[in-house]
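Structure first, commentary second.
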Amino acid sequence: MTAHLARWGASVALAALGVLAAPATGAADAPGGGAAQLRAFLKDSRTARGDFTQRTTGQSSSGKSKGAQSSSGQFEFQRPGRFRWVYKAPFEQVIVSDGEKVYLYDKDLNQVTVRRVEASLPASPASILFGTGDFERDFEVTEAGTRDGMAWLTAKPRVKNGTFEQIDIGMRAGVPGAMRLADSFGQTTDLAFTNFERNPVVDAAAFRFTPPAGADVLEDR
């Protein structure tokens, strides 16, 4: 996986986990709608883990069309600010946040990129994961009906200067089942979650990362 794809993977992971762990208050919704289910999930969930599949289509950052890119792996998080997002296939990559720094380890490159949390995705959905503001202060939230057996909501940033232009979240039986992220480069990323566990006991060591011996470490300042 190239350095660009590593950063893109971190962006998606941060955005996804940012929304899943965000505090949400006051969104307009119908009983049992996507916003209501998301609000209940966020209120009652301190930890979570599960499996994911990811598919990205559209343009590259240079504006050229590209084929679909698919990947899969596992995630877990602990609010506030700690998560582990592991790509198993087709490339092995680990993205870990200890609440202060985000570590991106690309096994093929034997390279670790270290970024401060607040610099990883400024003015984006990811900031919700670590922030203290309420959801609707930064996002306009609307119900988006039902499809594929899920109740959907749409979140659009009120300030249009971030990486992601729109996030759609599908809720199934009170937990996130899918997400769609549309970015400012014309790319769309679809995430599907399976084996979703709410409030499991998690090991704090999962949110610590030590670069492997011999790996190149690049720290953004």
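The values are calculated or read from the model by the stated rules, or taken from the named source; none is laboratory data. Because the structure is predicted, anything quoted here is derived from the model rather than measured. Positions of Cβ are backbone-derived with ideal geometry, glycine not excepted, and every protein chain shown enters the neighbour counts.
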Subset of segment 155-183 (residues that are over 16 Å from the mean Cα position of the chain (by Cα) and touching a residue at least 12 places away in the same chain (Cβ under 8 Å)): 158, 159, 161, 172, 174
Residues located in segment 98-111, provided they are in a strand (DSSP E or B) and either out of contact with any Leu (no Cβ under 8 Å at 6 or more places or on another chain) or at pLDDT 90 or above (or both): 98, 101, 103, 104, 105, 106, 111
The listed residue being of a type in the set (Gly, Ala, Ser) and within 20 Å of residue 49 (Cα to Cα), out of 151, 213, 192, 182: 192
Failed item in (1) loosely packed, with under 12 Cβ neighbours inside 10 Å; (2) within 15 Å of the chain's Cα centre (by Cα); (3) of a type in the set (D, E, K, R), with residue 203 passing the rest: (2)
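For (1) modelled with pLDDT of 90 or more; (2) within 17 Å of the chain's Cα centre (by Cα); (3) under 20 Å from residue 74 (Cα atoms), each residue gets a yes or a no:
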{"site": "94", "(1), (2), (3)": "yes, yes, yes"}
{"site": "119", "(1), (2), (3)": "no, yes, no"}
{"site": "142", "(1), (2), (3)": "yes, no, no"}
{"site": "147", "(1), (2), (3)": "yes, no, no"}
{"site": "189", "(1), (2), (3)": "no, yes, yes"}
